[in-house]
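Values quoted throughout were computed directly from the atomic coordinates according to the rules given, and no laboratory measurement underlies them. Since the model is a prediction, treat every value here as computed from it, not as a measurement. Don't worry about glycine lacking a Cβ; one is built from the backbone with ideal geometry, like all the others, and counts go over all protein chains shown.
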Amino acid sequence: MLVIEGLHKRFSNGFVGLESVDLQVNKTEIVSLIGTSGCGKSTLLRIIAGLELPTRGMVRIDKQIITKPHADISLIFQEARLMPWLTVWENIQFGLQHLPKTQRNLLTGEIITKVGLTEFAKALPRQLSGGMAQRVAIARALVTNPSILLLDEPFSALDAFTRLSLQDHLLKIWEYDHPTMVLVTHDVEEALMLSDRVIVMHGNPGRIYQELAIDLPRPRRRTDRHLQYWKEQLLDALDLTGDRLAIEA
Ligand SMILES: Nc1ncnc2c1ncn2[C@@H]1O[C@H](COP(=O)(O)OP(=O)(O)OP(=O)(O)O)[C@@H](O)[C@H]1O
Ligand SMILES: [Mg+2]
């Protein structure tokens, strides 16, 4: 279980990015973080990933406290961040240098099939569409078989159609190994399609405002009328944070 306890983050300039954040994410659970720009979503994800330390509180996987990047945790960003001089195959297996070549190739072969890019193994990043590049980034993050996958707006730079297909794709990948996922998104429908729980955050200082448990089986249909109910609940919660008004004022 991923446990976040009493997390507080004050930056060196005195700005408080996060205040009293408590969250528990069960194994195999998919949790989305949603909230206005600047409410601390990326900061929270970076602290979970061990890329940044909290001022107070802690992140742990079961009993193990996270203070630096950890083999069980992978982070995927908004843009694919591939190495342009390496092929798709080489980009995916970059994090496996410590393994013997046969094992490296075996793992890369498995994951490249899962993301449907076998035919592009030898392609360079500049030959890929945005959606394909992001699939390579997902493969690279998953090839080390992390138990926790953190995603920071992974699809928000993509067109709407590609975004929908990658959402479906992510769920299919989740079906294989059931990694625990924490997904930051601005997209209400994306959160509702994918998540067991949606955490609404409130800005300045960043904290958790409300939590919605989306009690619907997956895969879900985007047109499911039950989702409409949750959409209203979620939009209401986002409105009630007052963050949007604060921006407009
Ligand atoms: N190193 C830093 N020093 C000072 N302030 C910071 C630092 N990093 C982030 N912040 C501030 O902390 C707040 C939260 O930032 P963060 O990037 O976590 O927001 P976010 O919710 O991910 O926003 P967005 O949706 O735009 O990505 C912002 O107000 C940001 O300006
Ligand atoms: Mg962010």
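A few comments on the model shown:
- If R0 equals 30 Å, the separation of the Cβ atoms of Phe11 and Thr102 corresponds to a calculated FRET efficiency of about 0.05.
- Ranked by the mean number of other Cβ atoms within 10 Å of their residues, highest first, the peptides 83-91, 46-54 come out as 46-54, 83-91.
- Degrees separating the helix 130-142 axis from the principal Cα axis of the chain, which is the longest one: 90 degrees
- Glu211-Met58 FRET efficiency (beta carbon distance; Förster radius 22 Å; 0.05 resolution): 0.65
- Nearest 10 degrees, 0 to 90: helix 225-240 Cα axis against the chain principal axis: 60 degrees
- Legend: P(r) of region 2-225 from all alpha carbon pair distances, 10 Å bins from 0, whole percents, reading 8, 33, 35, 20, 4, 0.
- Protection proxy ranking for 110-117, 222-229, 56-63, using the average of other Cβ atoms within 10 Å per residue and placing the highest first: 110-117, 56-63, 222-229.
- Separation of alpha-carbon centers, region 29-101 and region 181-246, rounded to whole Å: 22 Å
- Computed from point charges on the beta carbon alone (+1 for Lys and Arg, -1 for Asp and Glu), the dipole magnitude for region 2-225 about its Cα centre is near 400 Debye.
- Label zone at Met1, where the point sits 7 Å out along the Cα-to-Cβ direction: region 22-36 residues whose backbone N lies under 17 Å: 22-31
- Proximal lysines relative to Lys114, as straight alpha-carbon distance under 28 Å, when same-chain residues fewer than 8 apart are discounted: Lys27, Lys101, Lys122, Lys172
- The spread of Cα positions in region 1-107, taken along each principal axis and listed from longest to shortest, comes to 46, 31, 25 Å.
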